[in-house]
């Protein structure tokens, strides 16, 4: 009987996001698969160092210790062949990561396997790969940044931080702000305060995280899994966000309505293991203090024109 993953958070992670494979990736780009295979074979006994999403994955997997049945599943997804992926397998074993599922596609694109493994969140350092997933699936996905310099964090808890518009919620309100300005945005949000915001690309992920919180044996205030919203919104537009979460039945531990202020200091104080935002203007500073992932727009999104 197939395992029911509907109540389990499934995280798909590229080997390059889990481990530091920047040197190996450069060899692949310069010397193609032959040079890459030769290098991997010559260094198959050399362990890989943790990559940008390693602390998040380590912390997430520790949540399973609190429950009888697993609530988190991690799938390592790589375009390596099983042969060239030996270093990844040995490194997973060395660090004691309880990861049982892998997808080594032997050069074939990874995105088609997202649905096959029922992935809820996919993290990668390959922008084209992330864009393909966003355009062709409902899976939450992000382009991960390098870890901040000298980054250290407690992995006995796990803290997710999300931007609001175009991440947890749809692009609708952000489009009004970008195309018509702040006054039109505030007017629209005030008039629609009691109308729940539509789902964005990370809405289902947030709902699943909330369900996982409910499965943990401690009270919500003491949960080792915490969720924060860190948004550029301010009063009065914050009320629509609060009312939307109530309508969804989603518990958010913390919310910070920045009103245009930089987000990096709040994220550092929160101690985020990952922060998801769609705008580089917020990620440039934030990625210097906490791990970050950029949420790309769909290729046909009107917001694409604002990226430049």
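Note on region 32-62 and region 220-284: Cα centroid distance 32 Å, given to the nearest whole angstrom.
Just need the relative contact order of the chain here, percent rounded to a whole number, with Cα pairs under 8 Å and 6+ apart.
After rounding, I find 20 percent.
Please determine, in degrees from 0 to 90 and to the nearest 10, the orientation of helix 127-136 with respect to the longest principal axis defined by the Cα atoms of the chain, where the helix direction is its Cα long axis. For 127-136 against the chain, the angle is about 60 degrees. The C-alpha atoms of the chain define a longest principal axis, and helix 238-248 lies at about 60 degrees to it. For the chain, modelled as a GNM whose springs connect Cα atoms under 10 angstrom apart, the maximal fluctuation among 166, 17, 116 occurs at 116.
Taking the helices alone, the chain has a mean residue ellipticity at 222 nm of -10500 deg cm²/dmol, built from -39,500 (n - 2.57) per DSSP H run of at least 4 residues and averaged over all its residues. The alpha carbon convex hull volume per residue for the chain rounds to 139 Å³. Could you tell me the calculated FRET efficiency between residue 6 and residue 150, based on Cβ-Cβ distance and R0 = 25 angstrom, to the nearest 0.05? Given R0 = 25 Å and the Cβ-Cβ separation, E is 0.05. Spin-label model, residue 195/residue 253: points 7 Å from Cα along the beta carbon direction are separated by 3.4 nm. Taking the fewest neighbouring Cβ atoms within 10 Å as the starting point, the ordered list for 280, 141 is 280, 141. Angle of helix 182-191 to the longest C-alpha principal axis of the chain, folded into 0 to 90 degrees and rounded to 10: 70°. Counting beta carbons within 10 Å around each of 67, 74 and listing the fewest first gives the order 67, 74. When 278, 199 are arranged by Cβ crowding within 10 Å, least crowded first, meaning fewest neighbours, the order is 199, 278. Thinking of region 9-144 as a set of Cα atoms, what percent of all their pairs are more than 18 Å apart? The share of Cα pairs beyond 18 Å in region 9-144 comes to 53 percent.
Throughout, read-outs are computed from the coordinates displayed, never taken from laboratory work. Remember, it's a predicted structure, so these values are computed and weren't measured experimentally. Note that we place each Cβ from the backbone using ideal geometry, even for glycine, and neighbour counts take in every protein chain shown.
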